[in-house]
Amino acid sequence: MSQAPILITGGAQRLGRYCAERLHDDGHPVIITYRREREAVEALRKQGIQAIQADFSTDTGIAAFIDHLGEATPRLRAIIHNASQWRADIDNDETGQAFEALFRIHMQAPYMINMRCRELLEACQEPMRDIIHITDYAAQKGSRNHVAYAATKAGLDNLTRSFAALYGPSIKVNAIAPASIMLNEDDDDAYADYLRDKSIMATTPGPAVIWQSVRYLLDNPFVTGVTLPVDGGRHVK
């Protein structure tokens, strides 16, 4: 297995945590980022996963994380941009603060990390090196209640094709666009039924389907510049 770590931003919970644990189980060194200390972060550390605190909502926070990452490792096998914030639009947000925060998390942080960490990826001696952007079904369809979220995820999707062209053939760059993957602990039966009804497959499959997609992109040497929909056929319903 690779001795160069795989970085997962936002890796302390939900999809990010699941993928971090599966990669670690497969023998990959893993580095995650987290926003704040929580029991899950300490649990991941105890498994042998390295955790670096990062605030992607500010320019200085993004730059500070990149510096810390360079101190933590001289090389990377892959970067998985999973850090995200699900935030509804704010009425009368005349200053655009909500949009600016999501722009930094979903677009500026991945852009800066990709640009400044290219050398870490190219220092990896493995046959393949990858960047994977976790976008969203909403990037294609839009959202009337989450305009800023959908727009900035669409921007992240576009970065996929630009970086694939810029960094190929030495680094593959792809995206995964999930929809209705898993429930929160406080979601009730009515909301669960609502989510299941959105897809042709009529289920909320859980994080394993994202892990399978990540594994496919990491292992396939001839796929770059694509967005892989993982939405249960929602896009054709």
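Each value in this text was obtained by applying a stated rule to the coordinates, not by laboratory testing. Nothing here was measured: the structure is a model prediction, and the numbers come from that model. FYI the Cβ positions are ideal-geometry reconstructions off the backbone, even for glycines, and counts take in every protein chain you see.
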Check your understanding: For the range 52-64, what are the residues that are touching a helix residue (DSSP H, G or I) at 6+ places or on another chain (Cβ under 9 Å) and free of Cβ contacts under 8 Å to residues at least 40 places away in the same chain?
Key -> I52, Q53, D55, G61
Review point. Helices (runs of 4 or more DSSP H) wholly in the range 134-222 with at least 1 residues that are within 19 Å of the chain's Cα centre (by Cα) and of a type in the set (V, I, T) - which ones?
Key: 147-167, 208-219
Check your understanding: Somewhere in the range 17-40, is a residue over 21 Å from A154 (Cβ atoms), free of Cβ contacts under 8 Å to residues at least 12 places away in the same chain and not charged (D, E, K, R)?
Key -> no
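Matching residues to (1) among the polar types (S, T, N, Q); (2) out of contact with any helix residue (DSSP H, G or I) (no Cβ under 8 Å at 6 or more places or on another chain); (3) within 19 Å of D59 (Cα to Cα); (4) surrounded by 22 or more Cβ atoms within 10 Å (Cβ to Cβ):
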| residue | (1), (2), (3), (4) |
| --- | --- |
| E100 | no, yes, yes, no |
| I113 | no, no, yes, yes |
| L120 | no, no, no, yes |
| E126 | no, yes, no, no |
| A139 | no, no, no, yes |
| S143 | yes, no, no, no |
| A151 | no, no, no, no |
| A154 | no, no, no, no |
Review point. Name the residues in the range 17-65 that are among the charged types (D, E, K, R), more than 19 Å from I134 (Cβ to Cβ) and in contact with a strand residue (DSSP E or B) (Cβ under 9 Å, 6 or more places away or on another chain), would you?
Key: R36, E37, E42, R45
Review point. Is at least one residue of the range 76-92 farther than 28 Å from S143 by Cβ and surrounded by fewer than 20 Cβ atoms within 10 Å (Cβ to Cβ)?
Key: no
**Study point:** Residue satisfying condition, being under 23 Å from I181 (Cβ atoms), among the hydrophobic types (A, V, I, L, M, F, W, C) and in a loop (DSSP other than H, G, I, E, B), within set A88, A20, A4, A43
**Key:** A88
Point to revise | Subset of the range 216-237 (residues that are surrounded by 13 or more Cβ atoms within 10 Å (Cβ to Cβ), free of Cβ contacts under 8 Å to residues at least 60 places away in the same chain and over 23 Å from K141 (Cα atoms)) | key: Y216, N220, V223
